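J.: First, the structure itself, so that you have it in front of you.
The values are calculated or read from the model by the stated rules, or taken from the named source; none is laboratory data. This one's a predicted model, so the numbers in the text were calculated from it and none came from an experiment. Every residue, glycine as well, gets a Cβ built from its backbone with ideal geometry; the counts of neighbours run over all protein chains shown.
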Amino acid sequence: MAVLKTVPHAVSVESYIKGLSEKRQEETKVLINMMSAITGEKPVMWGTSMVGFGKTHLVYESGREIDYFLIGFAARQRALTIYLSIEVNKRVFDQLGKHTKGVGCLYINQLSDVDFDELKNICEESVQTLKKHS
């Protein structure tokens, strides 16, 4: 089995943020404040480009098990990637605004494209869903 690369790293979140464009730095700080408030956890780098909060143990239908963060994000050049529970991400986010989705990811070009209160609600629901299952 392959070694999971998405594990906590000693790299500082601050150094990750400094490597981003000024606009992404601002958006990242907003996401950090929101996700810290939701989880009560400090941000930790998972891998080289994902900022995660808290920790949970996931068991997939296939039987695969991993330790992962409760909620997190990556500030990519093209979009902000918000990592949600797969269960919550299956919902339709009618009230959110401009976004696209992957299996467990929500992609937002920029925070100004979405309703921030709705994003916060979605993130809170995702964290609560993962806490129920862990």
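J.: Counting just the residues of segment 87-108 that are exposed (fewer than 14 other Cβ atoms within 10 Å of the Cβ) and polar (S, T, N, Q), which one comes out farthest from the chain's Cα centre (by Cα)?
T.: As a first pass, look at segment 87-108 and keep what is exposed (fewer than 14 other Cβ atoms within 10 Å of the Cβ): 90-92, 94-95, 98, 100, 102-103.
Now narrow it down to the ones that are polar (S, T, N, Q): 95, 100.
Working: Gln95: 19, Thr100: 14 Å.
Checking each candidate, the answer is Gln95.
J.: Hey, which of the helices (runs of 4 or more DSSP H) in segment 21-134, taking only ones fully inside, have at least 3 residues that are without any contact (Cβ under 8 Å) to a residue 24 or more places away in the chain?
T.: Working: elements: 22-39, 86-89, 116-133.
It comes to 22-39, 116-133.
J.: Still on this structure, please answer the following. Any idea which residue in segment 121-134 is farthest from Lys55 (Cα to Cα), counting only those that are loosely packed, with under 15 Cβ neighbours inside 10 Å and charged (D, E, K, R)?
T.: Among residues in segment 121-134 that are loosely packed, with under 15 Cβ neighbours inside 10 Å and charged (D, E, K, R), the one farthest from Lys55 (Cα to Cα) is Lys132.
J.: Then there's this: Within 13 Å of the chain's Cα centre (by Cα) and under 20 Å from Cys123 (Cβ atoms) - does that describe any residue in segment 10-17? Write out each step before concluding.
T.: Initial filter on segment 10-17 (within 13 Å of the chain's Cα centre (by Cα)): none.
Within segment 10-17, none of the residues are within 13 Å of the chain's Cα centre (by Cα) and under 20 Å from Cys123 (Cβ atoms).
J.: Of the conditions (1) at pLDDT 90 or above; (2) within 13 Å of Cys123 (Cβ to Cβ); (3) not β-branched (Val, Ile, Thr), Arg24 clears all except one; give me its number.
T.: (2)
J.: Further, regarding this structure: Can you find a residue in segment 50-57 that is at positive phi, modelled with pLDDT of 90 or more and crowded, with 18+ Cβ neighbours inside 10 Å?
T.: First pass over segment 50-57, keeping only residues at positive phi: 54.
Pick out the ones that are also modelled with pLDDT of 90 or more and you get 54.
Narrowing the set further to residues that are crowded, with 18+ Cβ neighbours inside 10 Å leaves 54.
Within segment 50-57, one or more residues are at positive phi, modelled with pLDDT of 90 or more and crowded, with 18+ Cβ neighbours inside 10 Å.
J.: Looking at segment 26-81, which of its residues are basic (Lys, Arg) and out of contact with any helix residue (DSSP H, G or I) (no Cβ under 9 Å at 6 or more places or on another chain)?
T.: Narrowing segment 26-81 to residues basic (Lys, Arg): 29, 42, 55, 64, 76, 78.
Of everything in segment 26-81, those that are basic (Lys, Arg) and out of contact with any helix residue (DSSP H, G or I) (no Cβ under 9 Å at 6 or more places or on another chain) turn out to be Lys55, Arg64, Arg78.
J.: Now a separate question. Return the total of residues in segment 33-43 being surrounded by 15 or more Cβ atoms within 10 Å (Cβ to Cβ) and either modelled with pLDDT under 95 or under 20 Å from Thr129 (Cβ atoms) (or both).
T.: Pass one, segment 33-43, residues surrounded by 15 or more Cβ atoms within 10 Å (Cβ to Cβ): 34-35, 38-39, 41, 43.
Retained after the next criterion (residues that are either modelled with pLDDT under 95 or under 20 Å from Thr129 (Cβ atoms) (or both)): 34-35, 38-39, 41.
Count: 5.
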